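Below: one structure, written as structure tokens.
The values are calculated or read from the model by the stated rules, or taken from the named source; none is laboratory data. Being a predicted model, the structure only gives us computed values, none of them experimental. Here Cβ is always computed from backbone atoms with ideal geometry, including for glycine, and neighbour counts include all displayed protein chains. Calculation scope for accessible area: heavy atoms of the full protein, side chains included, ligands and nucleic acids excluded. Shrake-Rupley method; radii C 1.70, N 1.55, O 1.52, S 1.80 Å.
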Amino acid sequence: MGRLGTIARRTFLIGTGLVAGGLAVGYYYYRKPYPNPLEGELAAGEATFNPYVKIAPDNTITLIAPRAEMGQGVATTLAALVAEELDVRLDQVIVEHGPAGHAYANTTMLEEGVPFAHFDESTVAELMRSGMAVAGKFLGMQGTGGSTSIVDGFDRMRQAGAAAREVLKLAAANRLGVDAASLWTSDGIVTDPASGKTFPYGALAQEAAALAPPAEIRLREKSEWKILGKPQKRIDMRAKVTGAPIFGIDVRLPDMLFATLRMNPYRGGPIAGLDATDAERMRGVVKVVKVETGIANGFAVIADNSWRAFRAADAVRAEWGKGSYPADSAGIRQVLETALKEGDASYGRDDGNVETAFADAPRERIVEADYSVPYLAHATMEPMNATAQLRDGRLDIWAPNQMPTMVRQLAAAAVGIATDNCFVHTTYLGGGFGRRGDIDYAIYAAVVARETGGRPVQVTWTREEDMQQDMYRPAALGRFRARLGEDGLPVAVDMCIAAPSIIGSLLPRYFPSISPIGPDKSITDGSANQPYTIENYRVGGIKAPVSVPVGFWRSVGNSFNGFFHEGFMDEIAVAGGLDPLELRRRLMAAHPTAVNVVDKVGAMSRWGEKLPPGRAKGFAFTLSFGTWVAQVVQVADVGGRIRIEKVWCAADPGQVMDPAIFEAQMMSGIVYGLASAIGEEITFADGAVQQSNFHDYTPMRMHQCPQIEVGILETAHRMGGAGEPGTPPSIPALANAIHALTGKRIRSMPLSKEVEFV
């Protein structure tokens, strides 16, 4: 109670992510601070109660799930949060993404940037988290990222459902002349048990929407849940298996044109010359136009279908000016090495006195290692695309995107109209992984739409353009050392990581007037904030001045720091003669949640059992996005090549809304991580990206995918996310398994540079 006593009661009631019961108080009814964006687009007779609920007279109930559905099941679970309290079944509702709107601000996403570990409950950490939440409400940024969608929606969306339920009961009570508390709700019907009279929600909607909800509304306790906490049928599944037109690339509008882009392969360079004579003579081609923005420069071909646009783009002769970053991968590596050696580090963690601890260390008690990772593409199955129509001062954009309010703001600015005159229609995403948190594709579509005389135009990238114009996962280098005690445990650990800054790359693209300042947390995320207790423990991050465009990639800095930190921890265990799981148990003994997942995965995988020759297991742990994850990977030697046979994963996010979807997300994250480990790499030559398609950028193939078993715990004190935490530990667990099998310690990715995979 001591710490809670410093937090305002109102903050506690609204902000406590793990309290299933509680009070829904006024703020989340969303009359303030932003207007309800649904009020301007209601159908005849339809009523809205808040930004998440619409009900029509025929009892059509529409719930808004305002986060991008990119395969992670978020539309289903967000709708379930509302449906649970509204007292309707999921098969009774329609689920929509809804319009771009500040009322849908993701405040939790900003909290991910707080430089405090998830388990840090100090007053300073809590105040900063609270401050970032307030900032998020003020900025009103609607976005999907940071594995925050369910955490962010847990309170507000249940409260929205509860508020709508209560005013529907109140409308029925007014008709009957009874106390609303005496009425029941179930499956979209209000019932008066005394008279037996019933009212479907649709019959009450107009009256109810005009009523104010009670000041305090009780939310259901977890024990009362009918939907939450149980697997639900995915609301998007039928559309996907029947091939319904739900993705951005499926958009079709009357009188529509089609276009594709070719941007300068030397990123940031100008388009010095353009000869489109041959292309403009080709069948179906409407025109060829320059596309010059502050992001990139190139041209677009507009035609009557996408294939003709692709063919014509190949016929355009463009003269490309050179870009500004090093000519090849070796030059980029040199910049990173110089930064690691000479750059100024910002310390995400600095416990004890590392320099003193190493000053008198015997050489035989020192463990040292350098690690590295390459740039990575996102490689979404649906390449970048957007459809735009600019007519009579109004811009409409249909786009698979993760940041609707940013799309609205920046696309409008690109064509010189007011933000309020831009309308964003968010489709399903054929993969996101952070790539569609960047919005260059939407801006390009808006710029091309200026050239079509008011006709809508769909701008679709080729796979090659998608691969070579990505905003990549940063390359990074890490230098690590540890001093071991007589018991084999580390008494000092010193880690330094150099990587380009994501924020330093992103802000100049979209907000050039804002200069990034201070450290970039993502450089040390996954190393500086792990729940290890080591007396002398320092983790520093250095911004490397490489101008290759970088962006958010699934699990962001955790994607490489998981590999760095847990690969090096495995080296410490081996050097100290300790079992890798026992090392983690002892170093994380102060955090029972960590020990729980370590023990769980150990039991699942039968860690310590004697394996037949040619098989071995590796272990890794990462706390990321509020979820504690431990994984074991088993590999086998198949004629001198490596087969990944099985992965066991234990995860504790504190509370799970849908176990089946959570399990699927853990599996998805594991596959994404293993794919990056075994073969993915973006390299540069002559100032341009070398890879162009899946023949030379090689994700995991189906026959390489291992069996995956997921165990879920719910003991953590705060709720965590699902979309990304499965990725970071999968990579080092694989590398550690290969070491256990072969004795080869691989410290750079992709691992296929040193071993061959089946």
Gain upon complete extension [Phe511, Glu609; 0.36 nm per residue less C-alpha separation]: 29.8 nm
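What relative contact order, as a whole-number percentage, does the range 165-319 give when Cα pairs under 8 Å and 6 or more residues apart are counted?
The value is 17 percent.
Tell me, what is the FRET efficiency for Val124 and Arg586 to the nearest 0.05, using R0 = 41 angstrom and their Cβ-Cβ distance as r?
So, using R0 = 41 Å, E works out to roughly 0.90.
About the Cα centre of the chain, what is the dipole size in debye to 20, counting +1 per Lys and Arg Cβ and -1 per Asp and Glu Cβ, all else neutral?
Value, rounded to 20: 640 debye.
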Please report Rg (one decimal) and Dmax (integer) in Å for the Cα set of the range 545-599. 15.2, 43
Of the beta bridges DSSP finds with both residues in the range 39-131, what % are antiparallel, to the nearest 5? 60 percent
For the range 316-341 and the range 225-289, distance of Cα centres in Å: 29 Å
Which whole-number percent is the relative contact order of the chain (Cα, under 8 Å, 6+ apart)? 13 percent
Using all alpha carbons of the range 290-375, what is the percent of pairwise distances in each 10 Å bin, ordered from the shortest bin to the longest? 10, 22, 22, 17, 12, 9, 7, 0
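Reported to two decimal places, what Rg/Rh ratio describes the range 134-284 when computed on Cα atoms with Rh from the Kirkwood expression? It would help to have the intermediate numbers written out before the result.
Values: Rg = 26.0 Å, Rh = 21.6 Å.
Rg/Rh: 1.20.
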Could you please state, rounded to a whole Å, how far the C-alpha centre of the range 351-404 is from the C-alpha centre of the range 613-691? 16 Å
Over the range 81-139, volume per residue of the alpha carbon convex hull, in Å³: 127 Å³
By the scheme Lys and Arg +1, Asp and Glu -1, what is the net charge of all other residues having a beta-carbon under 9 Å from that of Tyr537? -2
Give me the distance between the Cα centres of the range 150-200 and the range 43-113, rounded to whole Å. 18 Å
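Out of the DSSP beta bridges found with both residues in the chain, what percent are antiparallel (nearest 5)?
75 percent
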Quote the Stokes-Einstein diffusion coefficient, in whole µm² s⁻¹, for the range 210-337, based on the Kirkwood radius over alpha carbon pairs, a temperature of 37 °C and a viscosity of 0.692 mPa s. 165 µm²/s
Out of every Cα pair in the range 422-461, what percent are spaced more than 12 Å from each other? 68 percent
I want to check the label-to-label distance for Asn353 and Asp58. Put each point 7 Å from Cα in the C-beta direction and report it in nm to one decimal. 7.7 nm
Efficiency by 1/(1 + (r/R0)^6): what FRET value for Ala239 and Phe423, r their Cβ-Cβ distance, R0 = 22 Å, to the nearest 0.05? 0.45
Let me know the charge dipole size of the range 309-418 about its Cα centre in debye, to the nearest 20, where only the beta-carbon of Lys, Arg (+1) and Asp, Glu (-1) is charged. 760 debye
So what's the convex hull volume per residue for the Cα atoms of the range 496-560, in Å³? 91 Å³
Given the range 659-758, report the % of alpha carbon pairs whose separation exceeds 22 Å. 41 percent
So between Ser182 and Met282, what do we pick up on full extension, going 0.36 nm a residue minus the alpha carbon distance? 28.7 nm
Considering the dipole of the chain built from charges on the beta carbon (Lys and Arg +1, Asp and Glu -1) around the Cα centre, which of Ile55, Pro725, Leu751 is farthest to its positive end? Ile55
Carbon and sulfur together cover what percent of the accessible area of the range 30-134 at a 1.4 Å probe radius? 58 percent
Can you tell which of Gln159, Leu183, Trp225 lies farthest toward the positive end of the dipole of the range 139-252, using +1 and -1 charges on the Cβ of basic and acidic side chains (Lys, Arg; Asp, Glu)? Trp225
Express the Stokes-Einstein translational diffusion coefficient of the range 436-572 in µm² s⁻¹, to the nearest whole number, given a Kirkwood radius over alpha-carbon pairs, 10 °C and a viscosity of 1.306 mPa s. 91 µm²/s
For the chain, what class follows from the C-alpha gyration tensor (a ≥ b ≥ c being the square roots of its eigenvalues): rounded when a/c is under 1.5, otherwise prolate if a/b is larger than b/c, else oblate? oblate
Convex hull volume per residue for the range 433-487, taking Cα atoms only, in Å³: 134 Å³
Cα gyration tensor, the range 149-235 - rounded (a/c under 1.5), prolate or oblate: prolate
Go through Gly626, Gly639, Gly687 and say which Cα lies farthest out towards the positive end of the charge dipole of the range 582-715; charges sit on Cβ, +1 for Lys and Arg, -1 for Asp and Glu. Gly639
Go through Lys233/Lys646; Lys222/Lys646; Lys521/Lys610 and tell me which ones have a Cα-Cα distance over 31 Å in this structure. Lys222/Lys646; Lys521/Lys610
With charges only on Cβ, +1 for K and R and -1 for D and E, what is the dipole size of the range 263-336 about its Cα centre, in debye, rounded to 20? 100 debye
Rounded to the nearest whole Å², what accessible area per residue is found for the chain with the 1.4 Å probe? 38 Å²
Evaluated at 20 °C and 1.002 mPa s, the Stokes-Einstein D of the range 581-650 based on the Kirkwood radius over Cα pairs, in µm²/s, stands at 167 µm²/s
Where the convex hull is taken over the Cα atoms of the range 590-691, what is its projected area averaged over directions, in nm²? 9.9 nm²
FRET efficiency estimate (nearest 0.05) - Cβ-Cβ, Met702 to Asn174, R0 56 angstrom: 0.40
